[in-house]
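S.K.: Take this structure first; my questions come after.
Since every read-out is calculated from the coordinates, none of them should be taken as a lab result. None of the values given here were measured: they were computed from a predicted structure. Don't worry about glycine lacking a Cβ; one is built from the backbone with ideal geometry, like all the others, and counts go over all protein chains shown.
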């Protein structure tokens, strides 16, 4: 606690595939600790375990945390959170913390994708979401990797080796998988199929953009770590796309920043159920 | 007020809704949050007892008219006749929501080839199969043409089952051409006089069929009286909307307001009782405004909502996410406008019917929505698509584009299925994000605040 105000704040991004958490040091203006765990059945327990491990790693106690903000698909399950904020707002905040010039954010996660337009002051101006079809999400990449018998981490290198990306025209992941089976039967090179899949995801995300952002577009979420995806988005959007700093943690960082900036419990939140509130002394 | 939800007051017949939830099997009612006022409980009871009223009317020898694909024209005519009641068979689309999809209506429709690729109104076809949702009407009247393709397909299937339908043609409302005689419709749109003539002639056929059914003349005087009655109810609903939309705190939840508005086109089978129910609700809303009572908080995001939802819980979700209604367009805005009382009645009804937003260009509807949003100070727009409904397949994106261009407010498009459980988390995220965005865009906003997910 500095000057009567807490110094450390936590953000938990409970995604569909991975839970991410950070502890943010507001005095130093940087992340003090960060970690991730695969999502599972006991979402509340996993989030709590991750948060406690970060506290242990940093030598902090529960009472040192000012507040915990949860975001992501499973945010409601993070019972230790003082409040929840959607991943749209959190990703926007996480990006503008590291990249003040951001005009838009693309977040492609395990089961949805989002295009967030920002105003000149780093606030969300408008957003679009695709959560109805897996074809524009990381889940599609998992399906493709499984079908091709290759690890997810190898997809980027495969796409880079493509000589002529295949055309994947189906708008649905299930039909697209059928299309891929057909391409394999026609002896299309797997590299070209992977490159075609990246282009297909990119074109779906670009369709959500609406107007063209006047400035830099940053790319967050686990799919941003797939080599070649940002380039596919650039081709689809017709403008540069920059992978955000530590893109998988952006939502958690944004949540922690918003915690530090005073996201308070709403009247609907119930009283003091958060980890920090209960253990803060 | 919200803390009192679920506590039905014994003094006003507190078992009203429990009766529907337990005896009637409308199990989803147990999970809805209700406005606990007497007026709102009467609204719910009025909605949920429609079948009882229809069966009682049949028992007393009244004639029943099923007004299909009709948002406020044929019911006005039918209620002009003695011992005649109109109802809206399409209203069965809410049954799967209330019954948690356990009443076989969709399965029955699917058995006739009308599957989930059709609008949830296909539940109506199922109701004609199971015959346990409403008594079979003595006359079925259905508009066709520039309305809804998939509804026409569903109604054709009803006809093929041996239920004759009186079809009447609704032309597409195009803009008048240069030099063409044009008239102004209620709501302000202009249309060629020739189109009004077509609708008037079609309505004359409907008038004659209704008169034959009732065994009574449906003359101008009767129609004029019925128009005045309908206009009185429209005035009450407009007053209710104005009260709810402009109050600092919403004096009614979004859910109850939607249901109140849905009484407007068909009067829920009883025009005079509908008038009393709406008058009660208006009185209660005004009382709350005077007392400074309401739902939510003063800073709730002011959202404009487009299209009705098949699962009523979507409206409750709006409130729970920190939003409030400040305007609606539930597809029947023409039924809010007064039917002209200075014109010959059939001409007036024809102009009113042709003002239906569904039968004109999407751009006209979008521009009216944008005007209303500006007038009411809306901070964002929610466009709720109806799954499978052909009339709104592409309309949503056009509305979004025009509103975005004209008002520069955030817009979300959602799709609400008949039972929303599978999409509830995604729906909540969109609505919460919209509310956060609205708050962040306010000039005085610091960083966004949020509310804990209940």
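S.K.: So what is the relative contact order for chain B, in percent, with contacts set as C-alpha pairs under 8 Å and at least six apart?
M.R.: Reported as a whole number, the value is 18 percent.
S.K.: I've got another one for you. Looking at the protein assembly as shown, send over the antiparallel percent of its DSSP beta bridges, to the nearest 5.
M.R.: 40 percent
S.K.: Considering only DSSP beta bridges where both residues belong to region B:54-200, give the percentage that are antiparallel (nearest 5).
M.R.: That works out to approximately 20 percent antiparallel.
S.K.: What percent does the relative contact order of region B:195-276 come to when contacts are Cα pairs within less than 8 Å and at least six residues apart?
M.R.: The value is 21 percent.
S.K.: Would you mind ranking A:172, B:321 by Cβ crowding within 10 Å, fewest neighbours first?
M.R.: Exposure proxy ranking, most exposed first: A:172, B:321.
S.K.: Could you state the number of Å between the C-alpha centres of region B:221-276 and region B:125-192?
M.R.: 23 Å
S.K.: Right, another one. In nm, give the distance between the simple-model label positions of residue B:117 and residue A:53, each being 7 Å from the Cα along the Cα-to-Cβ direction.
M.R.: 4.8 nm
S.K.: How would B:134, B:304 line up from fewest to most surrounding beta-carbon atoms within 10 angstrom?
M.R.: B:134, B:304
S.K.: Further question: Using a 10 Å cut-off around each Cβ, can you sort A:155, B:136, B:281, B:185 from fewest to most neighbouring Cβ atoms?
M.R.: B:136, B:185, A:155, B:281
S.K.: Testing the spin-label approximation: label points 7 Å from Cα along Cα→Cβ at residue B:18 and residue B:272. State their distance in nm.
M.R.: 3.2 nm
S.K.: Follow-up question, since we're still on this one. Using helices alone, I'd like the mean residue ellipticity at 222 nm for chain B: each DSSP H run of four-plus residues gives -39500 (n - 2.57), total over residue count, nearest 500.
M.R.: After summing the helix terms and dividing by residue count, I get -13500 deg cm²/dmol.
S.K.: Taking R0 as 30 Å, what FRET efficiency do you get between residue B:217 and residue B:59 from their Cβ-Cβ distance, rounded to the nearest 0.05?
M.R.: 0.70
S.K.: Using Cα atoms only, what is the angle between the long axis of helix A:190-208 and the major principal axis of chain A, expressed in degrees (0 to 90) to the nearest 10?
M.R.: So the inclination is approximately 60 degrees.
S.K.: Let a ≥ b ≥ c be the square roots of the eigenvalues of the Cα gyration tensor of the protein assembly as shown; is it rounded (a/c under 1.5), or, if not, prolate (a/b larger than b/c) or oblate?
M.R.: prolate
S.K.: Between residue A:142 and residue A:98, what is the label-to-label distance in nm when each label sits 7 Å out along the Cα-to-Cβ direction?
M.R.: Between residue A:142 and residue A:98, the label points sit 2.3 nm apart.
S.K.: Once you order the gyration tensor axes a ≥ b ≥ c over the Cα atoms, which shape class does region B:64-131 get: rounded for a/c under 1.5, otherwise prolate or oblate by comparing a/b with b/c?
M.R.: Verdict is prolate for region B:64-131.
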